[in-house]
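Undergrad: Let me give you the structure first, and then I'll get to my questions.
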Ligand code: SF4
């Protein structure tokens, strides 16, 4: 994986006169020694897996802890009633993000993108887009390359692990990746893609990772909705011509520094934040298990 | 790390370290044993012990021991499947100290009586490290074909093994040497870029001073224990 900066990707794109996604595709071909078809087939299978995971959502199941499950179904019912405040697209993004997060907590098959905790963000945006827009499968796959390229840069120059960088690194990264993908689908070029990502990330900087009982459930599942909606909001802003005042690569650098500065008690250790509240303690106690 | 570590992997949730990584540790243990498992003694440590139940770490480890991969729909049912197959599974607290926070000690007995014990660590994402095999240090990821040679700590063995690998055009990715005490039991752990030919494994097994050869192949159905 060779990209440390978004500007490296856009420079190659301009140089070779190929789109952002193709730079990532060609890099993958080189890196793993695969053909264009092989790489795109693998990416296509990721799209198939998230499509299937969304379709198989089951609102009746609960996670082993009993904390997670059913909320995606509630949102769907609410959306179907048709008298919600926000429009169908956004509400469906929210619904799909929560559904995928719940499926993950309930031991269903998902795609970690970039992580299991944040697995609902990108699918929520892309699958809702497919449903509402007349878009070819090819273009969705291309959008996944865009997301992957942004994720690679963040992983290399900052982090995509909550234990290392807090939740900005998981839900934040997923949001930035989804925003870039969405900007591309809406016809954006390099400029819109990187600024959509930067604007989204800026609004997730400093987010803590403080999951209750150490499980990828609370606050993770509902936070997927925030990441996905953020991606919609800021990709739209980017398409409107709004630009991040801070260079996109500098936003990623900031995220890296903030991640390091965040105390470890807020990085997946369960020692602070939501994880030590009274409510969390009750849940943790109930869960304290005995290995037979 | 490649593109499909970012858009991927496909896995059964909820946690890449506590679920997907755990499946992989169980899977590598099963492959290293090289025969059907009849009993598994699983000792959990650190965060695996504290949060494993909620993450399905127990089911994940057993799924791997049954030969499942991290994207298998049947992972949540693995404990039931093991029971149906009459495999004895016992969970407890690992008897290890100062280990990686996500560690597990797995002791397996196979249908022909073969035994294996490993200490596996889930080190982030779904990446793992096999830290010990049969009580001796190891350290390998399960991402490469891996040759593990238990031998007497005598001069010449390392040169013999690496010389033969070179002759077979097998490139060494990483190599580590450990020993319990001078002149006692030693172990070589060699991660390779290519698969090691079976003939060579046979030759190695019969070499003087070699006690045991274990091979972890990336080829699915390969015979892997000698
Ligand atoms: S709170 Fe922590 S575990 Fe949950 S999604 Fe965020 S980074 Fe992942």
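Undergrad: Away from chain B (no Cβ under 13 Å) and surrounded by 13 or more Cβ atoms within 10 Å (Cβ to Cβ): is that true of residue A:44 in this structure?
TA: Values: away from chain B (no Cβ under 13 Å): no; surrounded by 13 or more Cβ atoms within 10 Å (Cβ to Cβ): yes.
Here the answer is no, as residue A:44 does not meet what is asked.
So that you can scan it fast, the table gives a plain yes or no per residue for (1) touching a residue at least 24 places away in the same chain (Cβ under 8 Å); (2) crowded, with 24+ Cβ neighbours inside 10 Å; (3) more than 16 Å from residue B:7 (Cα to Cα):
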| position | (1), (2), (3) |
| --- | --- |
| A:68 | yes, yes, yes |
| A:78 | no, no, yes |
| A:102 | yes, yes, yes |
| A:111 | yes, yes, no |
| A:118 | yes, yes, no |
| A:124 | yes, yes, no |
| A:141 | yes, no, no |
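Undergrad: Here is a list of conditions, (1) surrounded by fewer than 20 Cβ atoms within 10 Å (Cβ to Cβ); (2) at pLDDT below 95; (3) within 14 Å of another protein chain (Cβ to nearest Cβ), and residue A:63 meets all of them except one; can you say which number that is?
TA: The one condition residue A:63 does not meet is (1).
Undergrad: Also, quick follow-up: Could you list all residues from the range A:8-33 that are at pLDDT below 95 and touching a helix residue (DSSP H, G or I) at 6+ places or on another chain (Cβ under 8 Å)?
TA: Across the range A:8-33, the qualifying residues are A:31, A:32.
Undergrad: Go through the range A:143-158 and give me each residue that's surrounded by fewer than 24 Cβ atoms within 10 Å (Cβ to Cβ), within 10 Å of chain B (Cβ to nearest Cβ) and in contact with a helix residue (DSSP H, G or I) (Cβ under 8 Å, 6 or more places away or on another chain).
TA: So the first thing to find is which residues in the range A:143-158 are surrounded by fewer than 24 Cβ atoms within 10 Å (Cβ to Cβ), and the list is A:155-157.
Pick out the ones that are also within 10 Å of chain B (Cβ to nearest Cβ) and you get A:155-156.
Scanning the range A:143-158 gives a single hit, A:155.
Undergrad: Checking residue B:25 against (1) away from chain A (no Cβ under 11 Å); (2) surrounded by fewer than 23 Cβ atoms within 10 Å (Cβ to Cβ); (3) assigned to a helix (DSSP H, G or I), which single condition isn't satisfied?
TA: Going through (1) away from chain A (no Cβ under 11 Å); (2) surrounded by fewer than 23 Cβ atoms within 10 Å (Cβ to Cβ); (3) assigned to a helix (DSSP H, G or I) one by one, residue B:25 breaks only (2).
Undergrad: Next up: Please go through (1) in contact with a helix residue (DSSP H, G or I) (Cβ under 6 Å, 6 or more places away or on another chain); (2) touching a residue at least 24 places away in the same chain (Cβ under 8 Å); (3) surrounded by fewer than 21 Cβ atoms within 10 Å (Cβ to Cβ); (4) within 11 Å of chain A (Cβ to nearest Cβ) for residue B:73 and return the number of the only condition it doesn't satisfy.
TA: That leaves (1) as the condition not met.
Undergrad: Let me ask something else about it. Hey, among A:280, A:275, A:226, which residue is within 30 Å of residue B:17 (Cβ to Cβ), within 14 Å of the ligand (Cβ to nearest atom), within 14 Å of chain B (Cβ to nearest Cβ) and surrounded by fewer than 21 Cβ atoms within 10 Å (Cβ to Cβ)?
TA: Details: A:275 fails: surrounded by fewer than 21 Cβ atoms within 10 Å (Cβ to Cβ); A:226 fails: within 14 Å of chain B (Cβ to nearest Cβ).
Just a single option satisfies the conditions, and that option is A:280.
Undergrad: I need the full set of residues from the range A:121-174 which are within 16 Å of the ligand (Cβ to nearest atom) and not in a helix (DSSP H, G or I), in order please.
TA: Residues of the range A:121-174 within 16 Å of the ligand (Cβ to nearest atom): A:121-124, A:151, A:154-155, A:158-174.
Result: A:158, A:159, A:160, A:161, A:166, A:170.
Condition check ((1) on the phi > 0 side of the Ramachandran plot; (2) buried (at least 20 other Cβ atoms within 10 Å of the Cβ); (3) in a strand (DSSP E or B); (4) not assigned by TED's automatic domain parsing to the domain that holds residue B:61) across all residues:
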{"residue": "B:121", "(1), (2), (3), (4)": "no, yes, yes, no"}
{"residue": "B:128", "(1), (2), (3), (4)": "no, yes, yes, no"}
{"residue": "B:138", "(1), (2), (3), (4)": "no, yes, yes, yes"}
{"residue": "B:151", "(1), (2), (3), (4)": "no, yes, yes, yes"}
{"residue": "B:166", "(1), (2), (3), (4)": "no, no, no, yes"}
{"residue": "B:175", "(1), (2), (3), (4)": "no, no, yes, yes"}
{"residue": "B:178", "(1), (2), (3), (4)": "no, no, yes, yes"}
{"residue": "B:182", "(1), (2), (3), (4)": "no, no, no, yes"}
{"residue": "B:186", "(1), (2), (3), (4)": "no, yes, yes, yes"}
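Undergrad: Go through the range B:101-116 and count every residue that is crowded, with 18+ Cβ neighbours inside 10 Å and either within 21 Å of residue B:17 (Cα to Cα) or more than 18 Å from the chain's Cα centre (by Cα) (or both).
TA: So the answer is 5.
Undergrad: Hey, another quick one. Would it be correct to say that residue B:80 is surrounded by fewer than 23 Cβ atoms within 10 Å (Cβ to Cβ) and at pLDDT below 95?
TA: no
Undergrad: Residue A:221 - would you say it is more than 11 Å from the ligand (Cβ to nearest atom) and either within 24 Å of residue A:72 (Cα to Cα) or surrounded by 24 or more Cβ atoms within 10 Å (Cβ to Cβ) (or both)? Explain how you work it out, then say what you get.
TA: On the way: more than 11 Å from the ligand (Cβ to nearest atom): no; either within 24 Å of residue A:72 (Cα to Cα) or surrounded by 24 or more Cβ atoms within 10 Å (Cβ to Cβ) (or both): yes.
Considered against the rule, which asks whether it is more than 11 Å from the ligand (Cβ to nearest atom) and either within 24 Å of residue A:72 (Cα to Cα) or surrounded by 24 or more Cβ atoms within 10 Å (Cβ to Cβ) (or both), residue A:221 comes out as no.
Undergrad: If I ask for residues that are part of a loop (DSSP other than H, G, I, E, B), more than 8 Å from the ligand (Cβ to nearest atom) and crowded, with 21+ Cβ neighbours inside 10 Å, which ones from the range A:203-214 would you list?
TA: Answer for the range A:203-214, where residues must be part of a loop (DSSP other than H, G, I, E, B), more than 8 Å from the ligand (Cβ to nearest atom) and crowded, with 21+ Cβ neighbours inside 10 Å: just A:204.
Undergrad: Moving on to the next point. Of these, B:82, B:59, which one is touching a strand residue (DSSP E or B) at 6+ places or on another chain (Cβ under 8 Å) and either under 17 Å from residue A:116 (Cα atoms) or more than 7 Å from chain A (Cβ to nearest Cβ) (or both)?
TA: Numbers: B:59 fails: touching a strand residue (DSSP E or B) at 6+ places or on another chain (Cβ under 8 Å).
The conditions single out B:82.
Undergrad: Looking only at the range B:38-54, how many residues end up being in a helix (DSSP H, G or I) and either within 7 Å of chain A (Cβ to nearest Cβ) or on the phi < 0 side of the Ramachandran plot (or both)?
TA: Quick first cut of the range B:38-54, residues in a helix (DSSP H, G or I) only: B:46-54.
Then keep just the ones that are either within 7 Å of chain A (Cβ to nearest Cβ) or on the phi < 0 side of the Ramachandran plot (or both); that gives B:47-54.
Number satisfying all stated conditions: 8.
The values are calculated or read from the model by the stated rules, or taken from the named source; none is laboratory data. Only a predicted model underlies this, so the values are computations on that prediction, with no experimental measurement involved. Positions of Cβ are generated from backbone atoms using ideal geometry, with glycine treated the same way; all protein chains shown enter the neighbour counts.
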